[in-house]
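Working notes, beginning with the structure itself.
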Amino acid sequence: MASSELEEKNPFVVMAKPVGSRCNMRCAYCYYLEKGLYSSHEKQSRMSFKLLERLIRQTVESSPGPVVSFTWHGGEPTLAGLPFYQRVVELEKKYLPKGWEAWNNLQTNGLLLNEEWCRFLKENRFDVGLSLDGSAWVHDKHRRDLGGRETYDRVCRAAQRLQAAGIQPDLLCTVNSASTQDPLGVYEGLRGLGTGWVQFIPIVAFSPAGDLLPESVEPEAYGRFLCTVFDRWITRDLGKLDVQLFAETARVWAGGSPSLCWMAPTCGRVLIVEEDGAVYSCDHFVDAEHRLGNLASARLDSLANSPEQIAFGAEKQSSLTRECRECPWLSCCNGGCPKDRVCLSSQGEAGQSYLCPGLKQFFAHARGPLEKAMALSREKKGPEEIMAWFQREGV
């Protein structure tokens, strides 16, 4: 099969890190700060405009179109400065074929988002993912700035500025050892901002010595967190607020395929491009072993379809434990993210997901209610009627 045919059948996505691991916060559970060790620069700086142009041109050339996706991540990507993203827009317009468009997603902690930033993001139709850990005490416990100061109020103000500019940010909320102590407080804090979308990200982080960090969520506590939030959501917020995991799970049980990489059978189609042009297999595997090459001397499509990257993505499925292969929930999580496969299975095999007990708990809890909600929807019942049914009959 020709390379162009392969790309069309199996396109890839690029997550660009224009300032690498540089950040204006020091979150206790951050897994990314040490990734700067792999930069070829003595001191990390911003991606050069030359590399940026190569990134945008090659991404466009490799895309089946007509929408070309760009995700700007970090570290903290706004540290690249507003002129950097003005140049991004210029280059996208330069290389996009007629009738095509760019979809830009900025993942940010929000600390630098003033009115000028928000106007630019709105005018250029950027989607924004905003990191916020729900309630004030949970957020401020782990998400401090470089001076050790609390950040919750500043992030909430950033969300409000975005909304005033006409942008509803997606809220990215970690689930850690603190948030499991107050699941409804976390959920209500996110719900109260009225953005319409929430993504929960479990924290499983290790020290350089390989010890699980105390900020990490316990598997069973993660399951209880998800179940508690699910019950509140399906009785109060169905149709008003989308929760990514709930939506993806419903998609699978409706016969569709998950769009989340950790839930899919295979992975490896989201490349990471660092500020020095280095390309890696995955956001969670930015290390020497998973360095595919450099944008300065190699093409993105060649790296995405290299034998090394294809093998990396296929290993997610080929390395499943027997417990996973026989699990009734396999279609929902497909063994989970490879980065979390650090435990022994019930048969003693290495490679079982740390989060497995919590995910099993959630899937078992949510299966009946989600299927009932989908059945009521097929009967032309609206969200209010479906929620009323659960309020009356229970979850």
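What number comes out for accessible area per residue over the chain if the probe is 1.4 Å? Units Å², please. Each step should come with its number before you reach the end.
Values: 17650 Å² over 395 residues.
Per-residue value: 45 Å².
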Exercise for the section: Would you calculate the separation in nanometres between label points at Leu112 and Ser318, each defined as 7 Å from the Cα along the Cα-to-beta-carbon direction? Expected result: 4.1
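Using only the heavy atoms of the protein chains and a 1.4 Å probe, how would Leu330, Leu106 rank by accessible area, largest first? Display every interim value, and only then the final one.
Values: Leu330 45, Leu106 0 Å².
Descending accessible area places them as Leu330, Leu106.
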Exercise for the section: Let me have the relative contact order for the chain, percent, based on Cα pairs under 8 Å that are six or more residues apart. Expected result: 17
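Could you calculate the contour length gain from Phe206 to Ser48, that is, 0.36 nm times the residue separation minus the distance between their Cα atoms, to one decimal place in nm? Don't skip to the answer; put the middle values down first.
Details: separation 158, 0.36 × 158 = 56.88 nm, distance 3.21 nm.
Stretched out fully, the Phe206 to Ser48 stretch lengthens by 53.7 nm.
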Problem - Computed label-point distance, nm, for sites Ala350 and Lys94 using a 7 Å Cα→Cβ extension - result: 4.8
Problem - Exposure of Glu101 as accessible area (Å², to 10), given a probe of 1.4 Å and all protein chains - result: 70
Problem - q = 0.10, 0.14, 0.15 Å⁻¹, the chain: log10 I(q)/I(0) [Debye, one scatterer per Cα] - result: -0.70, -1.45, -1.63
Problem - Within the chain, helix-based [θ] at 222 nm, where runs of 4 or more DSSP H residues each add -39,500 (n - 2.57), nearest 500 - result: -12000 deg cm²/dmol
Fill in the blank from the handout: Sorted by chain and number, the residues with a modelled amide H under 5 Å from that of Gly293, at a separation of 5 or more or across chains, are Val279
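Please give the contour-minus-distance gain from Gln391 to Val342: 0.36 nm per residue of separation, less the Cα-Cα distance, rounded to one decimal in nm. Intermediate values should be presented prior to the final figure.
Working: separation 49, 0.36 × 49 = 17.64 nm, distance 3.94 nm.
The Gln391-Val342 span can extend by a further 13.7 nm.
How much of the accessible area of the chain, probe 1.4 Å, is carbon plus sulfur, in whole percent?
On the way: 8830 of 17650 Å².
Looking at the chain in its full context, I get 50 percent from C and S.
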Problem - Partners for Lys381 among aspartates and glutamates (Cα-Cα distance below 17 Å; same-chain residues under 8 apart left out) - result: Asp237, Glu371, Glu393
Practice task
Can you tell me the FRET efficiency between Gln160 and Asp242 if r is taken as the Cβ-Cβ distance and R0 is 25 Å, rounded to the nearest 0.05?
Solution key: 0.80
Problem - Separation of alpha-carbon centers, the range 212-240 and the range 295-311, rounded to whole Å - result: 37
Completion exercise
Going residue by residue through the range 77-83, the Karplus relation 6.51 cos²θ - 1.76 cosθ + 1.60 with θ = phi - 60° gives ³J(HN,Hα) values, rounded to whole Hz and with x marking Gly or Pro, of x, 5, 5, 5, x, 4, x
Problem - Debye, to nearest 20: dipole size of the range 135-249, +1 on Lys, Arg Cβ, -1 on Asp, Glu Cβ - result: 440
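How big is the dipole moment of the chain about its Cα centre under a simple scheme where the beta carbon of each Lys and Arg is +1, that of each Asp and Glu is -1, and everything else is neutral? Debye, nearest 20, please. Intermediate results must be reported in sequence, preceding the final value.
Numbers: 45 positive and 49 negative charges, 128 e Å.
In total the dipole reaches around 620 debye.
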Handout entry: the range 332-387 versus the range 91-121: alpha-carbon centroid distance in Å
Key = 34
Exercise for the section: Past 22 Å, Cα to Cα, is the threshold; run Lys141/Lys339; Lys17/Lys316; Lys17/Lys141; Lys339/Lys360 against it and keep the listed order. Expected result: Lys141/Lys339; Lys17/Lys316; Lys17/Lys141
Problem - Leading residue at positive end of dipole, the chain (Cβ point charges), from Cys337, Gly223, Met387 - result: Met387
Completion exercise
In debye to the nearest 20, the charge dipole size for the range 281-327, taken about the Cα centre with +1 at each Lys and Arg Cβ and -1 at each Asp and Glu Cβ, equals 100
Completion exercise
Farthest towards the positive end of the dipole of the chain, among Ser318, Ala102, Cys156 and with Cβ unit charges of +1 on Lys and Arg and -1 on Asp and Glu, lies the Cα of Ala102
Handout entry: Cleavage-rule hits, trypsin sites (Lys or Arg not before Pro), the range 139-212, DSSP coil, Cβ neighbours within 10 Å at most 15
Key = Arg149
Exercise for the section: Just read off the accessible area of Lys50 with the full protein assembly in place, 1.4 Å probe, to the nearest 10 Å². Expected result: 150
Fill in the blank from the handout: Given Cβ charges of +1 for Lys and Arg and -1 for Asp and Glu, the option among Leu303, Ala350, Ala250 whose Cα lies farthest towards the positive end of the dipole of the range 249-395 is Ala250
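The values are calculated or read from the model by the stated rules, or taken from the named source; none is laboratory data. Note that the structure is predicted; figures quoted are calculated from it, not measured. Using ideal geometry, Cβ is built from the backbone for each residue, glycine included, and neighbour counts are taken over all protein chains shown. Just the protein is used for accessible areas: all its heavy atoms, side chains included, with ligands, DNA and RNA removed. Shrake-Rupley method; radii C 1.70, N 1.55, O 1.52, S 1.80 Å.
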